[in-house]
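The structure under discussion appears below in the form of structure tokens.
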Amino acid sequence: MTNIENPKVKIKARNMTVHYGDAQALHGIDLDLNANEVTALIGPSGCGKSTFLRCINRMNDVIDGCRVGGSLSIDEQDVYDAAVDVVELRARVGMVFQKPNPFPKSIYDNVAYGPRIHGMAQDRASLDALVERSLKRAGLWQEVKDRLSASGTSLSGGQQQRLCIARAIAVNPDIVLMDEPCSALDPIATAVIEELMEELRRDYTIVIVTHSMQQAARISQRTAYFHLGDLVEHGQTETIFTTPQHQQTEAYISGKIG
Amino acid sequence: MSTSFLLICLFGLGGFSYFFGRRRIGALTRAARVKQHSRDVYHGSFVALCAVGVPLIVLLAWAGLSPLLLDAMLEDFLRRQSPDLSLGEMGVAMAKVKAYFSGALPEAFTGELIRSGSAYFAELRSASNQARSVAITLLALGGLAFGLSKLAPRFTARPAVERVFNAAMMMASAIAILTTIGIVLSLIFETLRFFDKVPVMDFLFGLSWSPQIAMRADQIGGAGAFGAIPLFAGTMMITFIAMLVAVPIGLMSAIYLSEYANPRLRGIAKPGIEILAGVPTVVYGFFAALMVAPFLRDSGADIGLALSSESALAAGLVMGIMIIPFISSLSDDVINAVPQTLRDGAAALGATQSETIRQVVLPAALPGIVSAILLAISRAIGETMIVVMAAGVAANLTANPFESVTTVTVQIVMLLVGDQEFDSAKTLAAFALGLVLFLITLMLNVVALYVVNRFREQYD
Ligand SMILES: Nc1ncnc2c1ncn2[C@@H]1O[C@H](COP(=O)(O)OP(=O)(O)O)[C@@H](O)[C@H]1O
Ligand SMILES: [Mg+2]
């Protein structure tokens, strides 16, 4: 386990601003995210959590009229540098979405998709091994090992979300971004995924957006509270939840604003 | 009473019943001091439907059935008057009677038989009309009385009206289905009659098509040849050429419009392409005949090929252009229906846009695209105008797209234009061709439906 007192900074955002057309969604965010930790982004709807998350893997690039300012670096390397290859960046930064979005392909092909487009497996055997490893790490192997050729969309919601996690980690990223990964799932599937995150933290840096205070408290080491496009407060999860510095944060955590 | 007068009366009665029913239920409820089950509107509608519904149906049925009955009775009458009329003479006599009755035929052209027949027919008509007026009046008043007798505060008028609407919808769809069945059955029966004259095998597998029928018994080559293979081969070749043009262009423009074009361009280009679908096919036909075919012939001449001025190629190319909007617009819809989350998922894994389209979007949209193509094929197979004008009417069995060929639909037209005996092999052949064509397009549509249902992903 990483030393929480003196962790290594993985992602460093400085004065990040995002505009959608004329509307400003982020007002200069400064935030450091540590390696091998789970960082929870919390805050009321529309405060810019997803927008910030999409800055990290440059998914904002594909949105029409979206402009990003400021700087964001991963391992001291500027993500918005003109020389950065977005394809490579996204192979290093995986993403899991709010709604499970398996491709309408077989379970196997879903997991193998990333490795295939990045040419990560030399032959069928190593691809098989990679798929198996990824499914195992996502805690799905036992349930699907006998029906790898079944369609990914035939799985239950919770299984689909774990399939998406397997798909994301199959390309062996450093960072996994999760945008409300459990909001479409039942409590049992949610518990499975929360356990999984504790497990994944050893190898990956995880950034998760969540609307559940309990979830943030259970799984994250650090928490950042956003409000109307501003980062209000961030720090160790325990501190944020027990002694928040800002009145706004306290109000949100105790359920007074949502 | 005339039909239109009856109709007006019925509608008047309906309106009256509606308002009367509403007032009456109001009075009943006030007197009974209980909560009314259905709103006034439903009580009013119920009474109106009771008064008008059955008479309307009877009126319609009468309009459909009474001519048949009258004809049968008239024929019976004429037969009794002069028992030795032949079938053809009987037909002429009946037509004359009706023409004389309606005043279209001057008296000078009629005989005793026609005049007496006409008198009898007039009698029948007026009897029928009177019976109808009495029946409708009784039914309407009876219905009104029945409806009013039902009214009570706790009467469930709302579900009752619902049931009437239900039944009306059911009748409408029954009419649609029954007509279809009727058309198919008549196709089948006429086809069977055709196969009495021409063996099935000769029709399905014969290699030569020249449906000439002898004017005189001793005419040379008068038997006619009804081998349908050249027609189906021609149809298939032209359809194939059309698809070669339409599928790539239509599909690629759909992909461009839905994935690459910005919304403004899309807003202009999509309706623009769809306008192509609104151009009448006859316009495509003369475009093919007057511009494309001569152009092909001339460019063929330049490179030393002797091309006929009517060719499968010209027809196929233009038909392909006609089909483009079908494919592009249907495919565009299915591509747009692929959820954005799938594209995001692929992009987040580091796929480029074209990889995402080829590996994720298109496979997800494939069932819809396949069915779009199959529908376009049915459309191409059924197309007639372009082929008549650009590919000719000569039934050549050839694989050479530069030659003139003909298609099933064109030959159906050819068989039926001009004066025909209804039961000659030539006329009946049209039914056989029509039936086969129907079966082919039916099969295509069934396959299209199957593909869509079998492989459709449920995105919610
Ligand atoms: N694709 C988009 N186009 C325009 N505005 C957007 C888009 N995505 C988000 N926004 C706006 O940016 C703000 C932040 O949104 P988001 O980051 O999705 O909030 P959160 O995830 O915290 O609920 C909101 O006001 C939202 O309306
Ligand atoms: Mg969000």
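Check A:Ala121 against each of (1) open to solvent by less than 60 Å² (accessible area, probe 1.4 Å); (2) over 20 Å from A:Tyr204 (Cα atoms); (3) at pLDDT 90 or above and name the one condition it does not meet. Only one criterion is unmet by A:Ala121, namely (3).
Summed over the range B:81-120, residues that are within 17 Å of B:Leu69 (Cα to Cα) and more than 39 Å from the chain's Cα centre (by Cα) total 1. When the criteria are applied in full, A:Ala251 meets the requirement of being open to solvent by less than 60 Å² (accessible area, probe 1.4 Å), free of Cβ contacts under 8 Å to residues at least 60 places away in the same chain and of a type in the set (Gly, Ala, Ser). Filtering A:Ile74, A:Ile29, A:Ile42 for residues that are over 30 Å from B:Gln359 (Cβ atoms) and in contact with an Asp or Glu (Cβ under 9 Å, 6 or more places away or on another chain) leaves a single hit, A:Ile29. If you go through the range B:81-112 and keep only what is more than 28 Å from B:Trp62 (Cα to Cα) and in contact (Cβ under 8 Å) with a residue 24 or more places away in the chain, you end up with just B:Ser82. Restricting the range A:204-248 to residues that are of a type in the set (Asp, Glu) and surrounded by 15 or more Cβ atoms within 10 Å (Cβ to Cβ) leaves a set whose member that is nearest to A:Pro44 (Cα to Cα) is A:Asp230.
Taking into account only those residues within the range B:321-355 that are within 39 Å of the chain's Cα centre (by Cα) and part of a loop (DSSP other than H, G, I, E, B), which is farthest from the other protein chains (Cβ to nearest Cβ)? My answer is B:Val338. When the range A:20-37 is filtered for residues that are within 9 Å of ligand 1 (Cβ to nearest atom) and away from every other protein chain (no Cβ under 14 Å), the ones remaining, listed by number, are A:Tyr20, A:Ala23, A:Gln24, A:Ala25, A:Leu26.
Just so you know, in the range A:209-253 the residues that are within 16 Å of ligand 1 (Cβ to nearest atom), part of a strand (DSSP E or B) and touching a Ser or Thr at 6+ places or on another chain (Cβ under 7 Å) include one that is nearest to the other protein chains (Cβ to nearest Cβ), and it is A:Val209. Cβ-Cβ distances below 7 Å connect the following pairs, each with a first residue in the range A:162-186 that is within 12 Å of chain B (Cβ to nearest Cβ) and open to solvent by 10 Å² or more (accessible area, probe 1.4 Å), a second residue that is within 16 Å of ligand 1 (Cβ to nearest atom) and of a type in the set (D, E, K, R), and a separation of six or more residues or different chains: A:Ala184/A:Lys99.
Conditions (1) assigned to a loop (DSSP other than H, G, I, E, B); (2) open to solvent by less than 20 Å² (accessible area, probe 1.4 Å); (3) within 14 Å of chain A (Cβ to nearest Cβ), marked per residue:
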{"site": "B:Ile357", "(1), (2), (3)": "no, yes, yes"}
{"site": "B:Ala364", "(1), (2), (3)": "no, yes, yes"}
{"site": "B:Ile369", "(1), (2), (3)": "no, yes, yes"}
{"site": "B:Leu375", "(1), (2), (3)": "no, no, no"}
{"site": "B:Ala432", "(1), (2), (3)": "no, yes, no"}
{"site": "B:Val436", "(1), (2), (3)": "no, no, no"}
{"site": "B:Arg454", "(1), (2), (3)": "no, no, yes"}
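Taken over the range A:92-107, the residue count meeting the criterion of being open to solvent by 20 Å² or more (accessible area, probe 1.4 Å) and either of a type in the set (A, V, I, L, M, F, W, C) or modelled with pLDDT of 95 or more (or both) is 1. Whether a residue is at pLDDT below 80 and assigned by TED's automatic domain parsing to the domain that holds B:Ile136 was assessed, and B:Leu87 passes this test. Does B:Ile114 satisfy the condition of being over 30 Å from B:Tyr42 (Cα atoms), hydrophobic (A, V, I, L, M, F, W, C) and open to solvent by 60 Å² or more (accessible area, probe 1.4 Å)? So B:Ile114 fails the test. Within the range A:38-63, how many residues are of a type in the set (Lys, Arg), more than 8 Å from ligand 1 (Cβ to nearest atom) and not in a loop (DSSP other than H, G, I, E, B)? The qualifying residues number 0. One residue stands out in the range A:132-161 among those that are open to solvent by 50 Å² or more (accessible area, probe 1.4 Å) and of a type in the set (Gly, Ala, Ser): the one that is nearest to the chain's Cα centre (by Cα), namely A:Ser156. For the range B:332-355, the set of residues classified as open to solvent by less than 10 Å² (accessible area, probe 1.4 Å) and not aliphatic (A, V, I, L, M) consists of B:Asp332, B:Gly345, B:Gly350, listed by residue number. Does the range A:95-105 hold any residues that are at the interface with chain B (Cβ under 7 Å from one of its Cβ atoms), out of contact with any Phe, Trp or Tyr (no Cβ under 8 Å at 6 or more places or on another chain) and of a type outside the set (A, V, I, L, M), and which are they? Scanning the range A:95-105 gives A:Phe97, A:Lys99, A:Asn101, A:Pro104. Taken over the range B:399-413, the criterion of being open to solvent by 30 Å² or more (accessible area, probe 1.4 Å) and either closer than 20 Å to B:Pro294 by Cα or touching a residue at least 60 places away in the same chain (Cβ under 8 Å) (or both) is satisfied by B:Ala399, B:Asn400, B:Pro401, B:Phe402, B:Glu403.
It is to be established whether one or more residues within the range B:54-74 are not aliphatic (A, V, I, L, M) and not in a helix (DSSP H, G or I). No, the range B:54-74 has no match at all. Considering only the range A:39-69, state which residues are of a type in the set (D, E, K, R) and away from chain B (no Cβ under 11 Å). Answer for the range A:39-69, where residues must be of a type in the set (D, E, K, R) and away from chain B (no Cβ under 11 Å): A:Lys49, A:Arg67.
Quick one: which of B:Phe16, B:Phe5 is part of a helix (DSSP H, G or I), more than 21 Å from B:Phe146 (Cβ to Cβ) and aromatic (Phe, Trp, Tyr)?
The match here is B:Phe5.
So that you can scan it fast, the table gives a plain yes or no per residue for (1) modelled with pLDDT of 95 or more; (2) closer than 15 Å to B:Leu433 by Cα; (3) surrounded by fewer than 19 Cβ atoms within 10 Å (Cβ to Cβ):
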site: B:Gly206; (1), (2), (3): no, yes, yes
site: B:Ser210; (1), (2), (3): no, yes, yes
site: B:Ala217; (1), (2), (3): no, no, yes
site: B:Ala233; (1), (2), (3): no, yes, no
site: B:Met237; (1), (2), (3): no, no, no
site: B:Ile241; (1), (2), (3): no, no, no
site: B:Tyr256; (1), (2), (3): no, no, yes
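Starting from residues that are near ligand 2 (Cβ under 10 Å from one of its atoms) and open to solvent by 50 Å² or more (accessible area, probe 1.4 Å), keep the ones in the range A:46-66 and report whichever is farthest from B:Asn262 (Cα to Cα). Steps first, please.
Initially, the range A:46-66 is screened for residues near ligand 2 (Cβ under 10 Å from one of its atoms), giving A:46-54.
From the residues that got through so far, the ones that are open to solvent by 50 Å² or more (accessible area, probe 1.4 Å) too are A:46, A:54.
Numbers: A:Gly46: 26, A:Arg54: 22 Å.
That would be A:Gly46.
Test A:Asp109 against the stated conditions and say whether it is more than 9 Å from chain B (Cβ to nearest Cβ) and under 19 Å from B:Val360 (Cβ atoms). So A:Asp109 passes the test.
The values are calculated or read from the model by the stated rules, or taken from the named source; none is laboratory data. Predicted model only: the values in this text are computed from it and were never measured. Methodologically, a virtual Cβ is constructed for each residue, glycine included, from the backbone with ideal geometry; neighbour enumeration extends over all protein chains shown. Keep in mind that these areas ignore ligands, DNA and RNA; they rest on the heavy atoms of the full protein, side chains included. Shrake-Rupley method; radii C 1.70, N 1.55, O 1.52, S 1.80 Å.
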